[in-house]
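The values are calculated or read from the model by the stated rules, or taken from the named source; none is laboratory data. Here the structure is a predicted model, which means the values were calculated and not measured. For neighbour counting, all protein chains shown are included, and Cβ atoms are generated from backbone atoms with ideal geometry for every residue, glycine included. These accessible areas exclude ligands, DNA and RNA; they are computed on the full protein's heavy atoms, side chains included. Shrake-Rupley method; radii C 1.70, N 1.55, O 1.52, S 1.80 Å.
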Amino acid sequence: MEFKREKVDNADIFLDNIEKGESYVHSFLKKTEDGICSVELNNYAKHNLYVGTAGILHMYVELYQVLKKDEYRVIIDNMTQFLEKHVFDGIEIAKKEGEFVPGMSQAFYSGIGGIGLVLNEVYRLNGDAHAKNGALQVIDYYKNTFTKTEEGIYWSGNSPIFFDGGIILFLLDSYDTYRKVMDSDKVLINNDLEVGNHNSNNADTVISENMQKNIKCLDMIIKGTDYILSHAIEHEGGAIEIDNLNVDFKHKEPNFEFGTAGAGYLFTKVYELTGDEEYLNAAKGSVQYLKSIAVRQKKGYLIPYKLGKYDDLFYLGNCHGPVGTAKLFYELYKVTGKEEYLSEVKALADGAHSLKAPFEQSAGFWNTTCICCGPAGYVPFYIGLYRATRDKEWLELIHRVGEVLVGNRMDNHWNIAFDRTKTDVITAPAGYFTGTAGIVTALLQIYAIEKKLDGITGLIDDPYIG
């Protein structure tokens with residue numbers, strides 16, 4: 001079954017859809033005495049990156065950076081002030097009411113790590129002290145809650161990007177963000193001394209505090225990654241599998257969000273930071289494992305959704321599909337410059353195209369258009385391939401995905417069936433990964449590339465845009 005498509009002859013049609021979608025997301029925002037938040041949800045996930053306030057804040061940052069509307073800047077400021085004061089709401093709710101999997105409220109996509117990540121993004125945008133303070137609270141929480149072992153440190157003991165691997169991505173992002181802050185502070189102090197202003201004790205204290213935070217971030221990054229690597233399952237020929245989980249039903253999912261592909265991406269990012277060949281070799285071992293379980297298609301290949309249970313089922317989106325898995329290969333291509341890794345990215349794209357994604361539905365690509373598991377997730381993927389190759393084929397595919405998103409809009413939002421096993425259950429989420437906010441961001445990326453506008457930046461889990 002094909003997704004609906006509406007012919008788009010003018011990029012301004014994408015802008016119209018962006019504005020309509022933003023109005024839907026905005027309808028869930030509430031002004032409080034602490035700032036602005038999303039009130040769509042009322043559980044532990046209500047302010048997270050995946051479905052809650054933080055993901056919507058990310059949408060507004062991207063909108064502001066491209067479209068420069070003051071109204072978006074006001075929303076950003078107010079949402080940032082709110083999140084600074086409510087970073088830990090999800091953890092407190094989870095303590096009282098429980099959560100789907102223990103530790104989700106403390107994790108990355110579903111918890112405080114993703115909130116801290118978006119606050120870092122706001123700080124990079126405008127130097128907002130509320131954003132920095134909120135992110136530093138998250139860093140302090142992780143600093144005070146890890147478990148130390150001989151192999152390294154962990155938080156939940158779950159290795160995937162969704163959990164501890166993602167926490168380390170947040171710490172990587174924080175280390176990079178506040179290392180730049182320290183460099184800026186040093187310039188300010190040097191300028192003060194040059195003009196004869198010797199009252200810089202306070203600035204020295206700021207540098208010392210920032211330096212201590214960053215030293216601790218670096219320590220947690222390395223020791224957290226070492227712990228994940230210490231639990232790698234070694235296979236023949238140097239291949240390594242990462243499947244360390246305390247969640248019974250989530251094992252043997254090898255793609256990005258819960259498996260080896262995401263772990264390999266993390267190893268690549270840590271190599272990029274440290275230059276330690278051990279992490280690069282771990283990333284290469286992850287590549288070997290993924291290629292060893294790859295299933296050839298008419299063109300290219302795909303990685304099964306769940307080994308041993310759904311060996312012939314291929315999710316075709318971001319979280320458990322080729323869009324996410326290719327992030328490992330794309331990041332290795334960026335870091336090493338080796339064309340062999342870009343070839344693997346293209347092979348995964350070919351695998352998806354063999355099953356007609358992202359334009360036709362299948363068992364692993366059903367009636368949902370969202371960033372997580374639908375066509376919207378292909379926009380950054382194709383942008384990354386265009387940036388790497390300058391082949392206009394990818395621009396054409398980007399535009400066609402935009403036509404799918406436009407064709408499936410319902411008034412000012414998008415309806416989806418989030419659960420593959422319940423495709424008749426239709427909802428209209430506003431959040432980032434599962435709903436309208438993410439689709440708006442994908443359309444913004446299309447609009448920006450077709451109008452040759454700057455401002456799209458992305459987050460640390462997205463090598464195609466970031």
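This table checks each residue for (1) basic (Lys, Arg); (2) over 16 Å from His26 (Cα atoms); (3) touching a strand residue (DSSP E or B) at 6+ places or on another chain (Cβ under 7 Å); (4) assigned to a helix (DSSP H, G or I).
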{"site": "Lys422", "(1), (2), (3), (4)": "yes, yes, no, no"}
{"site": "Gly431", "(1), (2), (3), (4)": "no, no, no, no"}
{"site": "Ile446", "(1), (2), (3), (4)": "no, yes, no, yes"}
{"site": "Glu450", "(1), (2), (3), (4)": "no, yes, no, yes"}
{"site": "Leu453", "(1), (2), (3), (4)": "no, yes, no, no"}
{"site": "Tyr464", "(1), (2), (3), (4)": "no, yes, no, no"}
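Residues of the range 259-272 that are open to solvent by less than 50 Å² (accessible area, probe 1.4 Å) and assigned to a helix (DSSP H, G or I): Thr260, Ala261, Gly262, Ala263, Gly264, Tyr265, Leu266, Phe267, Thr268, Lys269, Val270, Tyr271.
From the list Gly196, Gly237, Gly157, the lone residue that is modelled with pLDDT under 95 and either in a loop (DSSP other than H, G, I, E, B) or hydroxyl-bearing (Ser, Thr, Tyr) (or both) is Gly196. Determine whether the range 27-35 contains at least one residue that is within 23 Å of the chain's Cα centre (by Cα) and buried (at least 17 other Cβ atoms within 10 Å of the Cβ). The answer is yes; a qualifying residue exists. When Tyr279 is tested against (1) in a loop (DSSP other than H, G, I, E, B); (2) under 23 Å from the mean Cα position of the chain (by Cα), only condition (1) is not met. Restricted to the range 292-338, and to residues there that are acidic (Asp, Glu) and open to solvent by 10 Å² or more (accessible area, probe 1.4 Å), the residue that is nearest to Ser362 (Cα to Cα) is Asp312.
Filter the range 365-379 down to the residues that are in contact with a Gly (Cβ under 7 Å, 6 or more places away or on another chain) and under 16 Å from Asn255 (Cα atoms), then identify the one that is surrounded by the most Cβ atoms within 10 Å (Cβ to Cβ). Among those residues, the one meeting the criterion is Gly374.
Run Arg5 past the list (1) closer than 24 Å to Met410 by Cα; (2) at pLDDT 95 or above; (3) touching a strand residue (DSSP E or B) at 6+ places or on another chain (Cβ under 7 Å) and report the number of the one that doesn't hold. Failed condition: (3).
Scanning the range 385-400 for residues that are more than 14 Å from Phe359 (Cβ to Cβ), open to solvent by 40 Å² or more (accessible area, probe 1.4 Å) and part of a helix (DSSP H, G or I) yields Arg387, Thr389, Lys392, Glu393, Leu395. Of all residues in the range 131-162, exactly one satisfies the criterion of being within 17 Å of Gly114 (Cβ to Cβ) and in contact with a strand residue (DSSP E or B) (Cβ under 9 Å, 6 or more places away or on another chain), namely Trp155. Are any of the residues in the range 60-69 within 20 Å of Phe418 (Cβ to Cβ), under 17 Å from the mean Cα position of the chain (by Cα) and not in a loop (DSSP other than H, G, I, E, B)? No - not one qualifying residue is present in the range 60-69. Of all positions in the range 38-47, none carries a residue that is β-branched (Val, Ile, Thr), open to solvent by less than 50 Å² (accessible area, probe 1.4 Å) and either in a loop (DSSP other than H, G, I, E, B) or touching a residue at least 24 places away in the same chain (Cβ under 8 Å) (or both). Mind checking whether some residue in the range 62-79 is touching a Gly at 6+ places or on another chain (Cβ under 8 Å), more than 30 Å from Gly402 (Cα to Cα) and at pLDDT 95 or above? So far as the range 62-79 goes, yes, one or more of its residues are touching a Gly at 6+ places or on another chain (Cβ under 8 Å), more than 30 Å from Gly402 (Cα to Cα) and at pLDDT 95 or above. When Gly134, Gly127, Gly157 are checked against the criterion of being of a type outside the set (A, V, I, L, M) and buried (at least 21 other Cβ atoms within 10 Å of the Cβ), Gly134 stands alone in meeting it. Would the range 142-151 turn up any residue that is of a type in the set (Ser, Thr, Tyr), surrounded by fewer than 24 Cβ atoms within 10 Å (Cβ to Cβ) and assigned to a loop (DSSP other than H, G, I, E, B)? Yes: one or more hits. Of all residues in the range 9-45, those being closer than 25 Å to Asn408 by Cβ and in contact with a Phe, Trp or Tyr (Cβ under 7 Å, 6 or more places away or on another chain) number 6.
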